[in-house]
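*Asks:* One structure is given below, represented as structure tokens, and several questions about it will come after.
The values are calculated or read from the model by the stated rules, or taken from the named source; none is laboratory data. Note that the coordinates shown come from a computational prediction; the quantities given were computed from them, not determined experimentally. Cβ: placed from backbone, ideal geometry, glycine included. Neighbour counts: every protein chain shown.
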Amino acid sequence: MTKAKNNKKRAPKRYDLPLHRGSGGHLVSWTIGVMSYLTVLVMVLVFALTSAQSVWQAGLSGRMTIEIPYNKSNMVSADKQNDLVRELNKLSGVSARILSLEDIGALVGPWLGTGAALAELPLPVMIDITRADNNRAATPALIGETAKKTIPTAVLDTHEEWLADLMQLAKACRMVLIAISLILGFTAALTVAATSRTRLALHKEEVDLLHLIGATDSYIATQFQRQAFRLAIEGAAGGLFAALLTMAGIGMAKQGLGDTLLPGIHLSPLQWLWLVLTPLIAGVIAMVASRFTVLYALRKVP
């Protein structure tokens with residue numbers, strides 16, 4: 001007796017409507033699959049922009065550069081350059097060093113190539129400055145004044161204006177991508193709603209029969225929402241798999257480029273969780289859209 005009860009509990013829920021018949025099922029799966037594929041890629045781009053912003057802020061936080069412009073008629077001697085570095089290092093929490101040709105070559109390598117004759121180019125002298133975190137004594141104004149006293153032509157670049165513009169651009173791009181993902185979700189919900197109305201019309205006789213034997217609108221809507229949930233899960237799982245294959249293909253294609261021209265995408269465990277949950281989220285959206293559509297349509301039936 002107990003075994004029979006356990007088997008009954010494990011029995012799958014049955015459908016009282018033949019929802020496997022008629023058009024619309026494959027449309028929902030394919031539409032949700034495509035939408036999920038695009039949404040996952042958009043989410044990856046959002047995560048990549050967020051990660052890139054953190055890297056940019058961490059890399060430029062407390063970093064400044066002093067540039068001594070190239071002037072063939074009035075060259076700044078190496079002794080003068082070293083004097084400036086010593087004066088800067090005397091400041092509290094400041095570390096300064098002159099960038100070598102190898103350092104500059106690594107910076108301009110992606111554009112000029114590794115074989116560029118840098119020694120023959122009219123390049124400015126670059127002094128890299130690192131300021132300790134939470135150091136308010138060595139202000140940019142003090143550093144710039146120290147540089148001007150030693151070498152009047154020296155120019156201080158704090159990178160703040162450039163970084164602010166870059167952060168603003170990244171934020172705008174991220175907002176656009178989020179808007180695109182919301183539009184994709186809304187489009188998927190509309191597709192499920194339209195399909196549910198079509199399937200409800202196709203099975204009008206069966207729905208009327210269920211009403212006659214006492215079935216409520218909520219019970220009938222549950223039949224449709226279960227079917228929509230299953231179709232959405234199947235389609236979204238396929239879209240997620242295709243998106244992961246696309247990401248793997250892009251990763252293999254950029255292996256030879258390095259991280260200079262195209263930064264790598266490294267997702268956190270929480271971000272991976274969001275991607276994995278995409279099919280479930282799509283299923284919930286389809287279920288809610290189907291339920292409310294069917295309930296609204298049934299309430300209008302006399």
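*Asks:* Assess whether E205 counts as being charged (D, E, K, R) and either under 24 Å from Y296 (Cβ atoms) or in contact with a Phe, Trp or Tyr (Cβ under 6 Å, 6 or more places away or on another chain) (or both).
*Replies:* Working: charged (D, E, K, R): yes; either under 24 Å from Y296 (Cβ atoms) or in contact with a Phe, Trp or Tyr (Cβ under 6 Å, 6 or more places away or on another chain) (or both): yes.
For E205, the condition - charged (D, E, K, R) and either under 24 Å from Y296 (Cβ atoms) or in contact with a Phe, Trp or Tyr (Cβ under 6 Å, 6 or more places away or on another chain) (or both) - is met.
*Asks:* Do you know which of the residues in the range 197-227 that are in contact with a Gly (Cβ under 8 Å, 6 or more places away or on another chain) and closer than 30 Å to V40 by Cβ is surrounded by the fewest Cβ atoms within 10 Å (Cβ to Cβ)? Show your work before the answer.
*Replies:* At the first step, the residues of the range 197-227 found to be in contact with a Gly (Cβ under 8 Å, 6 or more places away or on another chain) are 198-199, 202-203, 227.
Filter once more, so that each one left must be closer than 30 Å to V40 by Cβ: 198-199, 227.
Details: T198: 14, R199: 23, Q227: 23.
Here the residue is T198.
*Asks:* For the condition in a helix (DSSP H, G or I), over 30 Å from L280 (Cβ atoms) and of a type in the set (V, I, T), what is the one hit in V55, V76, V44? Please lay out each step first, then the result.
*Replies:* Numbers: V76 fails: in a helix (DSSP H, G or I); V44 fails: over 30 Å from L280 (Cβ atoms).
After ruling out the rest, the residue left standing is V55.
*Asks:* L202: of a type in the set (A, V, I, L, M, F, W, C), out of contact with any Ser or Thr (no Cβ under 6 Å at 6 or more places or on another chain) and without any contact (Cβ under 8 Å) to a residue 40 or more places away in the chain, yes or no? Spell out how you get there, then give the answer.
*Replies:* Numbers: of a type in the set (A, V, I, L, M, F, W, C): yes; out of contact with any Ser or Thr (no Cβ under 6 Å at 6 or more places or on another chain): yes; without any contact (Cβ under 8 Å) to a residue 40 or more places away in the chain: no.
Here the answer is no, as L202 does not meet what is asked.
*Asks:* Can you tell me which residue among A132, A147, A193 is touching a residue at least 12 places away in the same chain (Cβ under 8 Å) and either in the same structural domain as F47 (by TED's automatic domain parsing) or under 30 Å from I233 (Cβ atoms) (or both)? Steps first, answer last, please.
*Replies:* Values: A132 fails: either in the same structural domain as F47 (by TED's automatic domain parsing) or under 30 Å from I233 (Cβ atoms) (or both); A147 fails: either in the same structural domain as F47 (by TED's automatic domain parsing) or under 30 Å from I233 (Cβ atoms) (or both).
Sole residue among the options that is touching a residue at least 12 places away in the same chain (Cβ under 8 Å) and either in the same structural domain as F47 (by TED's automatic domain parsing) or under 30 Å from I233 (Cβ atoms) (or both): A193.
*Asks:* Same structure again: Quick one: is A243 assigned by TED's automatic domain parsing to the domain that holds M43, small (G, A, S) and more than 24 Å from V40 (Cβ to Cβ)?
*Replies:* Spelling it out, it is not the case that A243 is assigned by TED's automatic domain parsing to the domain that holds M43, small (G, A, S) and more than 24 Å from V40 (Cβ to Cβ).
*Asks:* Could I ask something else about it? For residues that are exposed (fewer than 12 other Cβ atoms within 10 Å of the Cβ) and modelled with pLDDT under 85, scanning just the range 83-97, find the one that is farthest from the chain's Cα centre (by Cα). Write out each step before concluding.
*Replies:* Of the residues in the range 83-97, the ones exposed (fewer than 12 other Cβ atoms within 10 Å of the Cβ) are 86, 90, 92.
Next, only the ones that are modelled with pLDDT under 85 stay: 90, 92.
Details: K90: 43, S92: 39 Å.
Ranking the candidates gives K90 first.
*Asks:* For the range 98-107, which residues satisfy the criterion of being exposed (fewer than 15 other Cβ atoms within 10 Å of the Cβ) and either modelled with pLDDT of 80 or more or assigned to a helix (DSSP H, G or I) (or both)? Steps first, answer last, please.
*Replies:* Step one: of the range 98-107, the residues exposed (fewer than 15 other Cβ atoms within 10 Å of the Cβ) are 100-103, 106-107.
The answer is L101, E102, D103, A106, L107.
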